[in-house]
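A.B. asks: Mind looking over this structure? Questions follow.
The values are calculated or read from the model by the stated rules, or taken from the named source; none is laboratory data. Just so we're clear, the structure is a prediction, and the values are computed from it rather than from any experiment. Note: ideal-geometry Cβ built from the backbone for every residue, glycine included; neighbour counts use all protein chains shown. Note: accessible area is taken over every heavy atom of the protein model, side chains too, but ligands, DNA and RNA are not part of it. Shrake-Rupley method; radii C 1.70, N 1.55, O 1.52, S 1.80 Å.
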Amino acid sequence: MAVATKTSIERSSVIISVFSTTPGIGKTIIAINLAAGLAHEGYKVCLADLDLQFGDVLNYLKLNSVNTVAGAQRALLDNPSTFHIRDFLIDYSEGDVKFSILPAPLYVYDAYQTDVQLITDIINKLSYFDYVIIDLNSMFSALNLAMLDISTVINYVGVIDFLPALKNYKIGYDTLIRFDYEESKIRLVENRSDSQKLINAHDVERLLGEPFYHKLPNDYPSVNKSINAGKPLMFAAPDSKLTKSFDELVGLYTNRPEEKAAAETSSNVSIFSKIGKFFGF
Amino acid sequence: MAYKVIVVEDNQTMMDSMLNVLRRSPDFEVVATYKNVNAALGQASMFKPNLFFLNLENEEMLNAVPDFVDTFRGAYILGTMSQWDPLDVNQAMEGGATGCILKPFTAKEILEYLQLYSVRGQRKPAELISFFSPKGRAGRTTLAAILAMIIAEKTGERVALIDADLQFGDLPIFFDVEPKRTLVDATQDIKLLTPVTFAPYFHEIKPRVSLLSSPDRPEYAELIAPDSLVEVVMMTTNIFRYVIVDLPAGFNPITLDVCRISDIVFVTTMINSGFEIKHAKKTMEMFSSQDDGHRQVKTVFTRVNPFTEENRQKIANQLGYPVDVMIPNEYRMISVANSGRLAQGLPQDTQLMKSISGMADKVIAFGR
C-alpha cells in the first residue's frame, strides 16, 4: 500500500470492496461514508459504483452524470491509447471533503453489456488514488469475484435481524473462505448492530468462528437524513452515533494496513482530527 | 373397472408393442385402434372410451388434440412420444390434453402418469408466475410463498414453488425443510426425466404445495444452465397447475429466460429510500421494450405505508406505470418466516393476507 506522496513513483491504491450476500442492508451507505471519511482524512479517494444495474451512489448524493463506467468501457475499447479514467469520474465535494465517483451505468441495457476484464482494467487505472472503494451488489458474480480478487480488503457487511439473512451471511462467509480468500482480508462488519432483534451477535460470531471487525449501530433517522440531504453522514448528521462509528471504521482502515501510511499523512490527520473534534465527531 | 382405451398410432410396430402391454393388463381394455385421426374422431364415440393414446409425433394428431378434448369430454387424453419434446408437450397441454407419456410404456407407468395428472388440477395449461425484483430485499420470496399456499387453498389444484434464487434461495428456510434434491439435480437430469420420474424432485410442503429448492452452495448456481432451467420449469407446468418461480435479483440470463416464458411477471419493490421506484421504472421500461404481447408484467409494492389509494396514485405517478398490487406492512410476518413456520400458520384476517388473497384471485382469474 502507498499513500499520496508526490515523489513516489510506484504506487497502488488500497482497494476496499463493500460486499454482502443480502441486498438492501446498507452497502451503498457504508461505501459513501467510507469514501467521505477517508477523504476527510486527507486521502485521495475514488468510489466506484459497480452495482451496475441499479446502483444508488449518485442517487444518495443527489448527483447526476452522463459519464459512467459504461462510457469508460466503450472508450477503453475504442481508443485505448487516449483513454484516461479521469474523464469518466465525477466529484463530490462539500467543505474540505472531496472524492471522486465512477458512476454505475444509467441504463440496464448498458449494465448488461459490461465486460469483467475491461472493468478490472478500468478499476486498475484508478491506482493514482490512495483508496478505491467499490460498491458491489449481493451476488457471487464473475464481476464481483474479479473485484474481490483485486481488493486489499473485503468489507463484508451483514445485518443479523432475520434468519434468512443470517443464513446468507454465513454461507457467503464460508464461500469466501472456500474460494481461498484469506481470513485477514475479509472484514466482518455488522450493520444495524443494536437494532432490536432475536438473534444475538455473540451467537453469530460463534457461528462464523470469527469476531466482527466493526459494528455499525442502527440509526435509521440519520441515514434517512443523509439520503434526503444527498450528503454523507458527517454533514447530514454530524453528531450521530453512526457518524462516530464510521469515523472509527475509517480509523481502522487507515491505520491497520500499514502504520507508515498514517505517519506520512500525520500532519493532515492531526489537523483534520482537530477540526473533527471541534465539530463534535 | 378397466379403462376403455383407444389407441391412435400410425406406426404399426409401436402400435403392436403398446397393444401388447395394454392387453396383458387387467386395468385396460382396448376398445378400438386407429391409424388415422379423422377415423378416430368420427367413430370412437361408439365405444364410450375414457382413455386415449395419441401419437404426438404425428403433427396431424398433435394438432387434433383440441378436437379430441372437445369430442370426448371427460376422457383422459394422453399424448405419446418416444422422446420428451417440451414444445410438443406444451402444445398438447394448451390443447387441453391430460398430459403426455413416453412410449413404449408399462401398464404401471400409465397408472402413475394418470395419478400424477389427475391430482394436478383442471386440464388446462399451467399458469407460470415469476417474481422479479430489481435489487432484492423486496419481500419477493415471502410473497411467492404465501401466494402459493393461498392459490392451492382456493383452487384445490397443485402449486409448485421453484426457488430459482440460485445463490441465496431462502424458501427452504422459510418452510424449515431440507430437501434432498435441488434445482442442480433437476437441471442436470432433465434430459432423462419424465413427469413421473421428475415429480420426486419436489418436496411437499403441505398438501398441493411443493417446493423445488435452490442449491445449497452459492457456487453450485453456476452448474445451472438457463436453458436447462427453462426445461425444468416447462416440465413442472405438466404436473402442476400453477408454477411460481422466485427469481434472483436483477436482470441476468436466468431471470430473462424465465420471464420470457412466464404468463405473469410480478415486479416486486419495497419502498425504502424512495429510489426503489426509480429502479422499478427502469425495470418496467426494460420489460416493455421486450413486450411480446404474451405475458403480463405487473407491479407490486410491498410494505406500502400509508396504505391508501392516494399513496398508490403517488407511486404510480412517479413510476409512470400503474401500481397493480399494494401489500401493507405486517411485522408479525418476520417472526413467522424467522421460525420456519410459514406453512403452518399465517396471521389470518390481516390486511396483508387480504391483499395477497386479492392477488391470488387475479392470478386464478387469469388462467380461466
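A.B. asks: Which distance in nm do the two modelled labels at B:Glu94 and A:Tyr128 give, with both placed 7 Å along the Cα-to-Cβ direction?
C.D. replies: Between B:Glu94 and A:Tyr128, the simple spin-label model gives 5.8 nm.
A.B. asks: Calculate, in nm to one decimal, what B:Asp292 and B:Asn50 gain on full extension: separation in residues at 0.36 nm each, minus their alpha carbon distance. Write out the running numbers ahead of the final one.
C.D. replies: Working: separation 242, 0.36 × 242 = 87.12 nm, distance 3.81 nm.
Using 0.36 nm per residue and subtracting the Cα-Cα distance, I get 83.3 nm.
A.B. asks: So, one more: How many angstrom lie between the Cα centre of the stretch B:284-357 and the Cα centre of the stretch B:255-269?
C.D. replies: First find each Cα centre; the distance between them is then 15 Å.
A.B. asks: For the pair A:Ser81 and B:Arg23, how long in nm is the line joining their label points, each one 7 Å along Cα→Cβ?
C.D. replies: Roughly 8.4 nm, to one decimal.
A.B. asks: Can you tell me the length gained on complete extension of the stretch B:Gln43 to B:Asn311, counting 0.36 nm per residue apart and subtracting the Cα distance?
C.D. replies: Working: separation 268, 0.36 × 268 = 96.48 nm, distance 6.20 nm.
Taking 0.36 nm per residue and subtracting the Cα distance, the gain is 90.3 nm.
A.B. asks: If you don't mind, there's one more thing I want to ask. Towards the positive end of the charge dipole of the stretch B:270-368, with charges on Cβ (+1 Lys, Arg; -1 Asp, Glu), say which of B:Gly367, B:Ala316, B:Val336 has the farthest Cα.
C.D. replies: Value computed over the given set: B:Val336.
A.B. asks: Quick one: 3J(HN,Hα) in Hz for the stretch B:2-15, Karplus 6.51/-1.76/1.60 with θ = phi - 60°, rounded, Gly and Pro as x.
C.D. replies: Per-residue couplings from phi come out as 6, 5, 8, 9, 10, 10, 10, 8, 8, 9, 5, 4, 5, 4 Hz.
A.B. asks: Normalised by the residues of the stretch B:53-180, what does the relative contact order come to in percent, with Cα pairs under 8 Å and at least six apart? All intermediate terms of the calculation are to be shown ahead of the outcome.
C.D. replies: On the way: 125 pairs, mean separation 20.8, N = 128.
The normalised contact order for the stretch B:53-180 reaches 16 percent.
A.B. asks: Roughly how many Å is it from the Cα centre of the stretch B:33-85 to that of the stretch A:14-61, as a whole number?
C.D. replies: 63
A.B. asks: Farthest toward the dipole's positive end in the stretch A:92-197, which of A:Ala104, A:Phe140, A:Val153, given Cβ charges of +1 (Lys, Arg) and -1 (Asp, Glu) about the Cα centre?
C.D. replies: A:Phe140
A.B. asks: Oh, and also: Any number yet on Rg/Rh for the stretch B:1-127, C-alpha, Kirkwood?
C.D. replies: Details: Rg = 13.0 Å, Rh = 14.3 Å.
Taking Rh as the inverse mean 1/r over Cα pairs, Rg/Rh reads 0.91.
A.B. asks: List residues of the stretch A:124-148, by number, whose backbone nitrogen lies under 18 Å from a label position 7 Å along Cα→C-beta of A:Lys98.
C.D. replies: Only A:128-132 fall inside the zone, counting backbone N under 18 Å.
A.B. asks: Using a 1.4 Å probe on the heavy atoms of the protein chains only, list every residue of the stretch B:310-344 that has 30 Å² or more less accessible area in the complete assembly than in its chain alone.
C.D. replies: The answer is B:Asn338 - residues whose exposure falls by at least 30 Å² when every protein chain is included.
A.B. asks: Still on this structure, please answer the following. Check B:Tyr76: other-chain or 5+ apart residues with amide H under 5 Å from its amide H, H built from backbone geometry?
C.D. replies: Residues meeting the criterion, in which the H sits 1.01 Å from N, are B:Leu51, B:Phe52.
A.B. asks: In Å and on Cα atoms, what radius of gyration and Dmax does the stretch B:282-338 show?
C.D. replies: According to the Cα coordinates of the stretch B:282-338, Rg and Dmax are 14.1, 40 Å.
A.B. asks: Using the Karplus equation 6.51 cos²θ - 1.76 cosθ + 1.60 (θ = phi - 60°), what ³J(HN,Hα) coupling, rounded to whole Hz, does each residue of the stretch B:85-92 give in order, writing x for Gly and Pro?
C.D. replies: 10, x, 6, 4, 4, 4, 5, 5
A.B. asks: Of A:Lys125/B:Lys282; B:Lys103/B:Lys362; A:Lys231/B:Lys282, which ones are farther than 32 Å apart at the Cα? Can you show the working numbers first?
C.D. replies: Details: A:Lys125/B:Lys282 30 Å; B:Lys103/B:Lys362 38 Å; A:Lys231/B:Lys282 24 Å.
Going by Cα-Cα distance, B:Lys103/B:Lys362 fall outside the 32 Å limit.
A.B. asks: I need to check one value: relative contact order of the stretch A:107-215, counting alpha carbon pairs closer than 8 Å and at least 6 residues apart, in percent. Please list the in-between numbers first.
C.D. replies: Details: 80 pairs, mean separation 26.5, N = 109.
In percent, rounded to a whole number, it is 24.
A.B. asks: Okay, next question. Using a 1.4 angstrom probe on heavy atoms only, work out the carbon and sulfur share of the accessible area of chain A in %. Don't skip to the end; give the middle numbers.
C.D. replies: Details: 6170 of 11910 Å².
Solvent-exposed carbon and sulfur of chain A make up 52 percent of the total.
A.B. asks: Mind listing the phi-derived Karplus ³J(HN,Hα) values for the stretch B:296-302, rounded to whole Hz, using 6.51, -1.76 and 1.60 with θ = phi - 60°, and x for any glycine or proline?
C.D. replies: Residue by residue, the stretch B:296-302 yields 9, 10, 10, 9, 10, 10, 9 Hz.
A.B. asks: With unit charges on the beta carbons (Lys and Arg positive, Asp and Glu negative) and the dipole taken about the Cα centre of the stretch B:198-350, which residue among B:Leu247, B:Ile205, B:Ile327 sits farthest to the positive side?
C.D. replies: Selected residue: B:Ile327.
A.B. asks: Can you grab the distance from the C-alpha centre of the stretch A:139-185 to the C-alpha centre of the stretch B:162-186, Å, no decimals?
C.D. replies: First find each Cα centre; the distance between them is then 20 Å.
A.B. asks: With a 1.4 Å probe and every protein chain left in place, work out the accessible area per residue of the stretch A:1-138 in Å², rounded to a whole number.
C.D. replies: On the way: 5150 Å² over 138 residues.
I get 37 Å² per residue for this part.
A.B. asks: So if I place +1 on the C-beta of Lys and Arg and -1 on the C-beta of Asp and Glu, and nothing else carries charge, what would the dipole magnitude of chain A be about its Cα centre? I want it in debye, nearest 20.
C.D. replies: Values: 26 positive and 33 negative charges, 102 e Å.
With Lys and Arg at +1 and Asp and Glu at -1, about 500 debye.
A.B. asks: Dipole size in debye (nearest 20) for chain B around its Cα centre, Lys and Arg Cβ +1, Asp and Glu Cβ -1?
C.D. replies: Values: 37 positive and 44 negative charges, 212 e Å.
Dipole magnitude for chain B comes out near 1020 debye.
A.B. asks: Give the long-range amide H neighbours of B:Tyr3: residues separated by 5 or more places, or on another chain, with amide H under 5 Å away, using H modelled in the peptide plane at 1.01 Å from N.
C.D. replies: For B:Tyr3, whose amide H was placed from the backbone, the distant partners under 5 Å are B:Phe28, B:Glu29.
A.B. asks: For A:Gly24, enumerate residues with amide H under 5 Å from its amide H, sequence gap 5+ or separate chain, H modeled in the peptide plane.
C.D. replies: none
A.B. asks: What angle do you read, to the nearest 10 degrees and between 0 and 90, between the alpha-carbon axis of helix B:276-289 and the longest principal axis of chain B?
C.D. replies: 30
A.B. asks: Okay, next question. As a test of the formula, what do you get for chain B when each DSSP H run with n ≥ 4 contributes -39,500 (n - 2.57) and the sum is divided by the residue count, at 222 nm and rounded to the nearest 500 deg cm²/dmol? Before the final figure, lay out the partial values.
C.D. replies: Working: 16 runs with 157 residues, N = 368.
One gets -12500 deg cm²/dmol as the mean residue ellipticity at 222 nm.
A.B. asks: Separate question: Share of Cα-Cα pairs in the protein assembly as shown beyond 48 Å, in percent?
C.D. replies: Numbers: 52035 of 210276 pairs.
Value for the protein assembly as shown: 25 percent of Cα pairs lie more than 48 Å apart.
A.B. asks: Also, quick follow-up: Rounded, prolate or oblate for the stretch A:49-120? Axes are the square roots of the Cα gyration tensor eigenvalues, ordered a ≥ b ≥ c, and the cut-off for rounded is a/c under 1.5. If you can, show how the numbers build up before the last one.
C.D. replies: Working: a/c = 2.47, a/b = 1.35, b/c = 1.82.
Cα axes put the stretch A:49-120 in the oblate bin.
A.B. asks: Would you mind getting the accessible area per residue of the stretch B:248-305, heavy atoms of the protein chains only, 1.4 Å probe, in Å²? Intermediate values should be presented prior to the final figure.
C.D. replies: Numbers: 2150 Å² over 58 residues.
Per-residue value: 37 Å².
A.B. asks: Taking the Cα atoms of the stretch B:1-67 alone, what are Rg (to one decimal) and Dmax (as a whole number) in Å?
C.D. replies: 11.4, 33
A.B. asks: Now, a different point. Measure off 7 Å from each Cα along the Cα-to-Cβ vector at B:Lys362 and B:Asn36, then give the distance between these two points in nanometres to one decimal.
C.D. replies: Here the modelled spin labels are 5.1 nm apart.
A.B. asks: Within chain A, which is the longest segment that contains none of the GluC sites (Glu not before Pro) sitting in a DSSP loop with at most 13 other Cβ atoms within 10 Å? List each step's numbers first, then the result.
C.D. replies: On the way: sites that count: A:Glu10, A:Glu182.
By the stated rule (loop sites, at most 13 other Cβ atoms within 10 Å), A:11-181.
A.B. asks: Over chain A, calculate the relative contact order: mean separation of alpha carbon pairs under 8 Å at least 6 apart, over the residue count, as a percent.
C.D. replies: Relative contact order, chain A: 25 percent.
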